[in-house]
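The values are calculated or read from the model by the stated rules, or taken from the named source; none is laboratory data. None of these values were measured; they are calculated from a predicted model. Here the Cβ is made from the backbone with ideal geometry for all residues, glycine too, and neighbour counts use every protein chain on show.
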Amino acid sequence: MGGWFREPLTSFDDLQGLRFRITGLGGDVLARLGVSVTSIPIGESFPALERGAIDAAEGSVPSVDVALGFHKVAQHGYFPGWHQPIATGHLAVNLSVWDGLTDAQKEALETACESITMKNLTITDAIQAAAMAKAKADGAQFHVFSDEMLAAFRKASDELMAELSAKDEDFKAIYDSMEAHRALVSEYINMTSTD
């Protein structure tokens with residue numbers, strides 16, 4: 001998700017000075033666009049929204065955000081999660097530990113990771129839809145960021161990625177790899193998606 005807002009966004013100007021809990025590169029992008037970004041812990045977001053200390057908060061996906069009660073204190077949920085178009089799960093294993101595993105142990109870990117990834121892919125849409133239905137029943141409304149906002153997010157993101165790539169060759173290698181993959185699959189995704 002792109003976040004939960006106490007008031008609906010009617011124009012790009014509504015972002016100016018907006019007190020928004022968002023972390024990471026998404027926060028860096030929004031700060032460039034005049035948003036007042038704070039990175040308070042996610043657990044402090046509900047009370048901060050409730051007392052008006054912040055105007056909006058980004059947490060995770062609808063099922064997590066609804067469980068945290070964001071929709072009860074900021075009833076305008078916005079999509080897409082432009083700053084994190086996909087959530088991924090990772091298992092990190094120290095290389096020296098990995099090298100000490102038998103081939104059977106390595107295969108078991110790889111199979112378990114593939115299995116949970118497939119399970120998540122098959123059930124996540126239903127879980128998120130159920131969370132959205134609960135939020136709507138509680139009075140929440142869902143919106144899509146305007147084309148103007150999405151274009152501004154993209155432009156500021158591209159500028160930030162270029163700056164970070166120029167400063168850090170590891171960042172550049174990872175970002176270039178991601179962009180190459182996106183370019184490879186985007187035609188297929190665009191041609192097979194319907195609005």
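Given the criterion modelled with pLDDT of 95 or more and farther than 25 Å from G3 by Cβ, identify the matching residue among A151, A133, A166, A129.
On the way: A151 fails: farther than 25 Å from G3 by Cβ; A133 fails: farther than 25 Å from G3 by Cβ; A129 fails: farther than 25 Å from G3 by Cβ.
Within the list A151, A133, A166, A129, the selection yields A166.
Assess whether G77 counts as being touching a strand residue (DSSP E or B) at 6+ places or on another chain (Cβ under 6 Å) and at pLDDT 95 or above. Explain how you work it out, then say what you get.
Values: touching a strand residue (DSSP E or B) at 6+ places or on another chain (Cβ under 6 Å): yes; at pLDDT 95 or above: yes.
Judged against the criteria, G77 is a match.
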**Q.** Whichever residue in the range 1-47 is among the hydroxyl-bearing types (S, T, Y) and farther than 18 Å from S146 by Cβ and, among such residues, is modelled with the highest pLDDT
**A.** S36
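For F5, are the conditions met, namely being crowded, with 16+ Cβ neighbours inside 10 Å, over 30 Å from K119 (Cα atoms) and among the aromatic types (F, W, Y)?
On the way: crowded, with 16+ Cβ neighbours inside 10 Å: yes; over 30 Å from K119 (Cα atoms): yes; among the aromatic types (F, W, Y): yes.
Spelling it out, F5 is indeed crowded, with 16+ Cβ neighbours inside 10 Å, over 30 Å from K119 (Cα atoms) and among the aromatic types (F, W, Y).
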Q: For the range 131-163, name all the residues that are over 19 Å from P80 (Cβ atoms) and either part of a loop (DSSP other than H, G, I, E, B) or touching a residue at least 60 places away in the same chain (Cβ under 8 Å) (or both).
A: K134, D138, G139, E159
Q. For the subset of the range 48-61 comprising residues that are out of contact with any Gly (no Cβ under 7 Å at 6 or more places or on another chain) and touching a residue at least 40 places away in the same chain (Cβ under 8 Å), which member is nearest to M149 (Cα to Cα)?
A. D55
